Amino acid sequence: MITRPRSTLPHAALCHPALIVLIAVGFALPLAAAATLAGAVAADRPNLILILADDLGYGDVGFHGSTQIPTPNLDRLAASGVRCSQAYVSAPVCAPSRAGLLTGRNQVEFGFDNNLGAPQRGFDPEFAGLPVEERTLADRLRAAGYATGLFGKWHLGERPQFHPRQRGFDEFWGFLGGAEPYFPPASGDRSTSRVECSFGPVGPLTYLTDDITTQSIAFMQRHRTRPFFLFASYNAPHAPLQARDEDLARFAGIADLKRRTYCAMVARFDHEVGRLLRAVEEEGMAARTLIVFLSDNGGPVDQNSSLNAPLNGQKGTVLEGGLRVPCVLSWPGRLPAGRVYAHPVSSLDFAPTVLARAGASADLVRGLTGTDLWTRLTGSDPSPPDRALRWRFTVSAAIREGDWKLIRLPDRLPLLFNVREDQAEQNDVALQHLDLTRTLLGKLGDWDARLPHPVFLEGAEWKHRQLDLYDATYPRAQPQANEAPPRLIPAKPAVTAK
Ligand SMILES: [Ca+2]
């Protein structure tokens, strides 16, 4: 196992960021502007609560127009802060997306291209996880003096070297894999829950979404006197589709059982986000807590009956429906309430944004891929970051620059979309803009050629499946209140097997 040197950073108090900024600007700025600037860079270091949903569809929250699933608590969170309408994750499936989010580095730059599944022939399972050389956001925030806790899903490796306790988290309550039953084993059932706890007994299990909230609130209460990083890593509404009876009853009018169950799971998740938000308020922490909410990837329409309307595509594709997710950042008094930020942002931006607010030293932000979004989120800088966003996921790759997005698939012509005018990616204009297509293809290829080989693979059957997903037709409109959305229509096979 490769080890990394322990940080020997000076305590943040010795290099207080607000002080540095004030020295740097001298008296050149008006007093009010200087105070705002100083306040924006962590005059008091905020707690960070990262609320992650799992496989939640872009169209399945109230603030994106869901006609079917009331999400009053997520809507309240959105109204209290900045909603990012073009928020991208760095991969369209769970594990690599989480690897990017938690390291702040594009995961393909350290070989984490694939989802974590069964080890593939020729690959050493000792490397099936987040490479140990990589520092997580928890590592970085802990080095900056934060208490760190993860509650819920990990999915970044199950070998001991990948365990959350080895990856920057002081406390872990949850499960290491990619999915987990929501209900505890029934009485007499010999199977056991895989939920574990690093700091005491697992405690009574009820319904996993509720239990993750309960543990998250207890963590906040244990660490109310120092800044903390709470990662509330919900697995809802990822499969298995299992909902509580009282939540199912709320959606009894939906005849389609799969959609009804999904709606019940999302409604329960929203209820639990509400319980978490109330606890923040009751603890008096709201003014010193930055909350980031997003989903780890787009909804898998074919698996959990989620809806990415009005976007095309789903989990597993680099279409907008696979990569673009509901996303909110809220910090009352510091970020404007009710603002919509409409330029593209990346989940890779959150680590630099958070670390700057936490007063982290230069060493702790070194090597990050993303951009500190603060001045964009507050509105003081109206220009979008000058950069391209890039993705590589198994057979697919994509690049977004300005309004344009190019998708590269094997054995096909590249696809080019103007995402501002055509967010549903219905009009491929690659042949009408050949120079731009060539330029973006070249930029994507130059980047791609420099990337390391993946450190592990997922089964070849997934690659076939992912390619097929580009030929399917996806529901892009909200259903009526009690209808199931139209199902995904798979493409007919182009060649009949002989
Ligand atoms: Ca997921």
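The table below lists the values:
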| read-out | value |
| --- | --- |
| Lone unmet requirement of (1) farther than 17 Å from ALA95 by Cα; (2) assigned to a loop (DSSP other than H, G, I, E, B) for LEU329 | (2) |
| The listed residue being free of Cβ contacts under 8 Å to residues at least 12 places away in the same chain and closer than 18 Å to ALA239 by Cβ, out of SER191, SER187 | SER191 |
| Qualifying residues in the range 421-451 (those that are exposed (fewer than 14 other Cβ atoms within 10 Å of the Cβ) and either within 23 Å of the chain's Cα centre (by Cα) or acidic (Asp, Glu) (or both)) - the one farthest from PRO310 (Cα to Cα) | ASP446 |
| Residue list for the range 81-113, restricted to those being within 14 Å of the ligand (Cβ to nearest atom) and part of a loop (DSSP other than H, G, I, E, B) | VAL89, SER90, ALA91, PRO92, VAL93 |
| Of residues in the range 145-169 being assigned to a loop (DSSP other than H, G, I, E, B) and buried (at least 20 other Cβ atoms within 10 Å of the Cβ), the one farthest from the ligand (Cβ to nearest atom) | TYR146 |
| Qualifying residue in the range 252-263 (condition: more than 19 Å from ILE69 (Cβ to Cβ), modelled with pLDDT of 95 or more and either more than 16 Å from the ligand (Cβ to nearest atom) or assigned to a loop (DSSP other than H, G, I, E, B) (or both)) | no |
| Residue count, the range 453-466 (criterion: exposed (fewer than 14 other Cβ atoms within 10 Å of the Cβ) and within 21 Å of ARG400 (Cα to Cα)) | 0 |
| When residues of the range 117-134 are limited to those that are out of contact with any helix residue (DSSP H, G or I) (no Cβ under 6 Å at 6 or more places or on another chain) and closer than 23 Å to ASP54 by Cα, the one surrounded by the most Cβ atoms within 10 Å (Cβ to Cβ) | ALA128 |
| Test: residue in the range 199-211 that is in the same structural domain as ASN73 (by TED's automatic domain parsing), free of Cβ contacts under 8 Å to residues at least 40 places away in the same chain, on the phi < 0 side of the Ramachandran plot and in contact with a strand residue (DSSP E or B) (Cβ under 6 Å, 6 or more places away or on another chain) | yes |
| Any hit, the range 60-78, residues being under 20 Å from the mean Cα position of the chain (by Cα), of a type in the set (Asp, Glu), modelled with pLDDT of 95 or more and within 16 Å of the ligand (Cβ to nearest atom) | yes |
| Test: residue in the range 274-282 that is in the same structural domain as VAL354 (by TED's automatic domain parsing) and over 23 Å from the mean Cα position of the chain (by Cα) | yes |
| Unique residue being crowded, with 23+ Cβ neighbours inside 10 Å, assigned by TED's automatic domain parsing to the domain that holds ARG260 and part of a helix (DSSP H, G or I) when the list is VAL318, VAL354 | VAL354 |
| Residue, nearest to the ligand (Cβ to nearest atom), within the range 176-213, restricted to residues that are part of a loop (DSSP other than H, G, I, E, B) and among the β-branched types (Val, Ile, Thr) | VAL195 |
| Tabulated pairs, the range 279-297, first closer than 19 Å to PRO96 by Cα and outside any strand (DSSP E or B), second hydroxyl-bearing (Ser, Thr, Tyr) and within 16 Å of the ligand (Cβ to nearest atom), C-beta under 8 angstrom, 6+ apart or interchain | ASP296/SER97; ASN297/SER97 |
| Any hit, the range 222-234, residues being assigned to a helix (DSSP H, G or I), surrounded by 17 or more Cβ atoms within 10 Å (Cβ to Cβ) and either within 16 Å of the ligand (Cβ to nearest atom) or at pLDDT 95 or above (or both) | no |
| Selected residue [more than 27 Å from ASP386 (Cβ to Cβ) and within 14 Å of the ligand (Cβ to nearest atom)] from SER306, SER347 | SER306 |
| Failed item in (1) more than 16 Å from the ligand (Cβ to nearest atom); (2) out of contact with any strand residue (DSSP E or B) (no Cβ under 7 Å at 6 or more places or on another chain), with VAL328 passing the rest | (2) |
| Only one of GLY152, GLY178, GLY111 that is under 20 Å from the mean Cα position of the chain (by Cα), more than 15 Å from LEU52 (Cβ to Cβ) and at pLDDT 95 or above | GLY111 |
| Among the candidates PRO385, PRO410, residue that is more than 21 Å from the chain's Cα centre (by Cα), not in a strand (DSSP E or B) and not basic (Lys, Arg) | PRO410 |
| Options GLY333, GLY299, GLY321; residue that is of a type in the set (Gly, Ala, Ser) and either over 17 Å from the mean Cα position of the chain (by Cα) or under 23 Å from GLU109 (Cα atoms) (or both) | GLY333 |
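The values are calculated or read from the model by the stated rules, or taken from the named source; none is laboratory data. Worth saying up front: this structure is predicted, and the values here are computed from it rather than measured. Don't worry about glycine lacking a Cβ; one is built from the backbone with ideal geometry, like all the others, and counts go over all protein chains shown.
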